[in-house]
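The values are calculated or read from the model by the stated rules, or taken from the named source; none is laboratory data. Keep in mind it's a predicted model, so treat the numbers as computed, not measured. For neighbour counting, all protein chains shown are included, and Cβ atoms are generated from backbone atoms with ideal geometry for every residue, glycine included. Side chains included, ligands, DNA and RNA excluded: accessible areas come from the protein's heavy atoms. Shrake-Rupley method; radii C 1.70, N 1.55, O 1.52, S 1.80 Å.
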Amino acid sequence: ELPGFYYDPEKNRYFRLLSGHNNYNPLTKESIQYKAMESKRLRLLEEEEQQKRKTTRAGLNPSMLLQKRQLGLMSSTSYCRLVHELKVNCMQRRKIEIHSPDSSVAGTNNFKIIVADVACERIFTVNDVEHGGCKYGIVNLSGLGKESLTVEMYDNLYFTNRKVLEKSLFSLTHSSTLCLMGIAETPGCASLLPASLFSSTNPDRPGMLCSFKISTAWSCAWCLNPQADNCFSTGLTRRVLVTNVVTGHRQTFGTSSDVLAQQFAVQTPMLFNGCRSGEIFSIDVRQRNRKGHSWKAIRLFHDSAVTSIRLLEAEHYLMASDMAGKIKLWDLRAAKCVKQYEGHHNEYAILPLHVNEEEGLLSAVGQDCYTRIWSLQDASLLRTIPSPHPSSKDAIPSVVFSSRLGGRRGVPGLLMAVKQDLYHFSYN
């Protein structure tokens, strides 16, 4: 980079920027970078349409995998994992038609966040409302297996005049949904939404909306451990607040930094927290309130603010991402990083990670609006999917990945919500 000049890659030369010239279309570093990113996105979209895609591993093809499996040279676990890699590399994008009982609802508001329930039978959605605030909805995925590729979307009768934060962490359970809402300047309202509120079988009968006013909240998580299954946690500015929704009792744990990401363990009543300082620590919620570091059972450290954490199924490993774009897999028993997943892009946003252990895949959407999929086994980048819409801060896609979208007999693939559109990347 030369001060007062800009480089044109097409003409392979520098051009001088003169003051007072080109006032109607000023050249800036941001505009030049955006133009380059947009041309790259359009090129990748064109390659996808023409199916110009190579396999991620040399010599990896279905016939070779099947032959090795039949000869006993490959375990069933490795075979299934590599088959998923092949299928992910060949996914094709198709736009989904959204139907709603209220014809004025479908396609009128931008998708903010989509989250699947445990069985991936339904999708919980948060949409921006034109007159301000957000509303909640549920998407029934039963139509994905049909040739028409349609889904049914139901809106509840409640909406909030607060914006649901991009930095919010949703905890979706069998019986309830916990979400964090707030305005951009002063975040802080945790809402408990019963699952009956989003029943697709009876959409006209909403449940009860329960809100907890919590100031300066950045993250939240619901506990699924039987010893504390009535509790949820919120990550605040320099403290953690654990609330019992039945008794209203609250526990406070002081921290040295803002808590931006949280997740409860299932096998033990442990709460894992990711901080702005880059620290990751765990709390045993059975103990009394304490100050200092004596109650921190596990302590790990990133070089930048931690934006998302995910415990793997056996709960011996933890996946974490930060604002430097680093994604690391930590061994909790040895307290050290064992794998690092390259390619993720982040500078300041709080973006979620999506771990699919059964398929052996990790997926994440970067701040550059590209969806990337890695192999959990060896951390190799399998595929980079460009957004169907031009990249911008308010058009970062929200994705859901599963080999059973719509339930046990569902179809495999990736769901992507961008702006007002919903896309399905076919897995077959």
### Query
Which numbered condition trips up Glu315, out of (1) modelled with pLDDT under 90; (2) in a loop (DSSP other than H, G, I, E, B); (3) open to solvent by less than 40 Å² (accessible area, probe 1.4 Å)?
(1)
#### Entry: Complete set of residues in the range 233-265 that are aliphatic (A, V, I, L, M), modelled with pLDDT under 90 and part of a loop (DSSP other than H, G, I, E, B)
Val245, Val246
### Summary
For Ser403, the lone unmet condition from (1) over 16 Å from Phe111 (Cα atoms); (2) open to solvent by less than 10 Å² (accessible area, probe 1.4 Å); (3) in contact with a Pro (Cβ under 6 Å, 6 or more places away or on another chain); (4) of a type in the set (S, T, N, Q) is (2)
## Note on the structure
Here the residues within the range 345-379 that are touching a helix residue (DSSP H, G or I) at 6+ places or on another chain (Cβ under 9 Å), under 17 Å from His84 (Cβ atoms) and part of a loop (DSSP other than H, G, I, E, B) are Glu358, Glu359, Gly360, Leu376, Gln377
### Query
Looking at Ser257, Ser363, which is the one that is small (Gly, Ala, Ser) and in contact with a His (Cβ under 6 Å, 6 or more places away or on another chain)?
Ser363
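Looking at the range 288-303, can you tell me whether even one residue there is in contact with a Lys or Arg (Cβ under 8 Å, 6 or more places away or on another chain) and surrounded by fewer than 16 Cβ atoms within 10 Å (Cβ to Cβ)?
yes
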### Summary
Going through the range 380-419 in order, the residues found to be of a type in the set (A, V, I, L, M, F, W, C), at pLDDT 90 or above and not in a strand (DSSP E or B) are Ile396
### Message
So, in the range 395-408, how many residues would count as being touching a residue at least 40 places away in the same chain (Cβ under 8 Å) and under 24 Å from Val129 (Cβ atoms)?
### Response
4
### Query
Which ones in the range 24-41 are modelled with pLDDT of 75 or more and open to solvent by 90 Å² or more (accessible area, probe 1.4 Å)?
Gln33, Tyr34, Lys35, Lys40
### Query
How many residues are surrounded by 12 or more Cβ atoms within 10 Å (Cβ to Cβ) and under 14 Å from Ile373 (Cα atoms) when one looks only at the range 337-356?
10
### Message
Among the residues that make up the range 382-393, is at least one of them touching a Leu at 6+ places or on another chain (Cβ under 9 Å), surrounded by fewer than 21 Cβ atoms within 10 Å (Cβ to Cβ) and among the hydrophobic types (A, V, I, L, M, F, W, C)?
### Response
yes
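Okay, residues lined up against (1) modelled with pLDDT of 75 or more; (2) not charged (D, E, K, R):
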{"residue": "Lys52", "(1), (2)": "no, no"}
{"residue": "Ser63", "(1), (2)": "yes, yes"}
{"residue": "Gln67", "(1), (2)": "yes, yes"}
{"residue": "Leu73", "(1), (2)": "yes, yes"}
{"residue": "Met91", "(1), (2)": "yes, yes"}
{"residue": "Pro101", "(1), (2)": "no, yes"}
{"residue": "Ile114", "(1), (2)": "yes, yes"}
### Among the residues listed as Arg310, Arg333, the single one being part of a loop (DSSP other than H, G, I, E, B) and basic (Lys, Arg)
Arg333
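Residues to consider are Ala324, Ala334; find the one that is more than 21 Å from Leu82 (Cα to Cα), free of Cβ contacts under 8 Å to residues at least 12 places away in the same chain and surrounded by fewer than 19 Cβ atoms within 10 Å (Cβ to Cβ).
Details: Ala324 fails: free of Cβ contacts under 8 Å to residues at least 12 places away in the same chain.
Of the residues listed, the single one that is more than 21 Å from Leu82 (Cα to Cα), free of Cβ contacts under 8 Å to residues at least 12 places away in the same chain and surrounded by fewer than 19 Cβ atoms within 10 Å (Cβ to Cβ) is Ala334.
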